[in-house]
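Taken together, the values in this text are just the output of simple stated rules run on the coordinates, not laboratory data. Quantities reported herein were computed from a predicted structural model and do not represent experimental measurements. Virtual Cβ from ideal backbone geometry, glycine too; neighbours counted across all protein chains shown.
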Amino acid sequence: MLEFLANSQRNFIHLLRISIFIVMAWIGGLKAFQYEADGIIPFVANSPFMSFLLKHDVSDADNYKLHKNKEGEVVPENIKWHESNGTYVFSYGLGTVIFTIGMLVLLGIWFPKIGIAGGILTFGMSIVTLSFLVTTPESWVPDLGGPDFGFPYLSAAGRLVIKDVIMLGAGLVIASDSARQILKLRK
């Protein structure tokens, strides 16, 4: 068993690349749908890295909160607000970026230079995503009278975000593996 595991590392790193691609392609593809675009607005509106890409004044916290849709909910007034806010256009662009990073990671199986780019971009994207834990109030259980709220009690949104710690490490592993392949080819 030890021999098998030790000799399979290369295949497992390829499996890691395929896994990252599946996650990135799926999540990136979902950004084209209204419910997913509506769902990212708290993260984007509170992010110093992204909020400037929206059209409405996001410094007023109630601005986006008044127009949030629950997953699967269709409220025409909220959809109009999101359209005028640029939420959907932003989501399409973000989805394209995420899908592209996933493709770069997958192509790293055959093209190590592309794999380095995919790994580093996965790492960078994870840093931005993990920053949501600091910038997005919806990442934590709110104080609604119960004893468990705030840090360290992650909400559903926070639990979704914290998993990017895995993507952060995986991005560095695949970038490192791609760099090793390039150095090996140079010898």
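Test of understanding: what is the full-extension gain from residue 144 to residue 52, defined as 0.36 nm times their sequence separation minus their Cα-Cα distance?
That pair, residue 144 and residue 52, stretches by 30.1 nm at full extension.
Under 8 Å for C-alpha pairs, at least 6 residues apart: give me the relative contact order for the chain, rounded to a whole percent.
Reported as a whole number, the value is 24 percent.
About the Cα centre of the chain, what is the dipole size in debye to 20, counting +1 per Lys and Arg Cβ and -1 per Asp and Glu Cβ, all else neutral?
For this selection, approximately 1180 debye.
Per the Debye formula with a single identical scatterer at each Cα and no solvent contribution, what log10 I(q)/I(0) holds for the chain at q = 0.14, 0.16 Å⁻¹?
-0.84, -1.00
For residue 156 and residue 70, compute 0.36 nm times the residue count separating them, minus their Cα-Cα distance, and round to one decimal in nm. List each step's numbers first, then the result.
Numbers: separation 86, 0.36 × 86 = 30.96 nm, distance 1.32 nm.
Stretched fully, the residue 156-residue 70 segment lengthens by 29.6 nm.
Just the number, please: Stokes-Einstein D of region 106-186 in µm²/s, Kirkwood Rh from C-alpha pairs, 10 °C, 1.306 mPa s.
112
With n ≥ 4 as the cut-off for DSSP H runs, can you work out [θ] at 222 nm for the chain, using -39500 (n - 2.57) per run divided by the number of residues, rounded to the nearest 500?
Values: 10 runs with 130 residues, N = 187.
Taken over the chain, the calculation gives -22000 deg cm²/dmol.
Want the number for residue 18 to residue 3: 0.36 nm per residue separation, take away the alpha-carbon distance, what's left?
Separation in residues times 0.36 nm, less the Cα-Cα distance, equals 3.1 nm.
Picking from 35, 76, 100, whose Cα lies most toward the positive end of the charge dipole for region 2-186 (charges on Cβ: Lys, Arg +1; Asp, Glu -1)?
Of the listed residues, the answer is 100.
Highest first, please rank the peptides 140-150, 13-23, 73-83, 36-46 by the mean number of other Cβ atoms sitting within 10 Å of their residues.
36-46, 13-23, 73-83, 140-150
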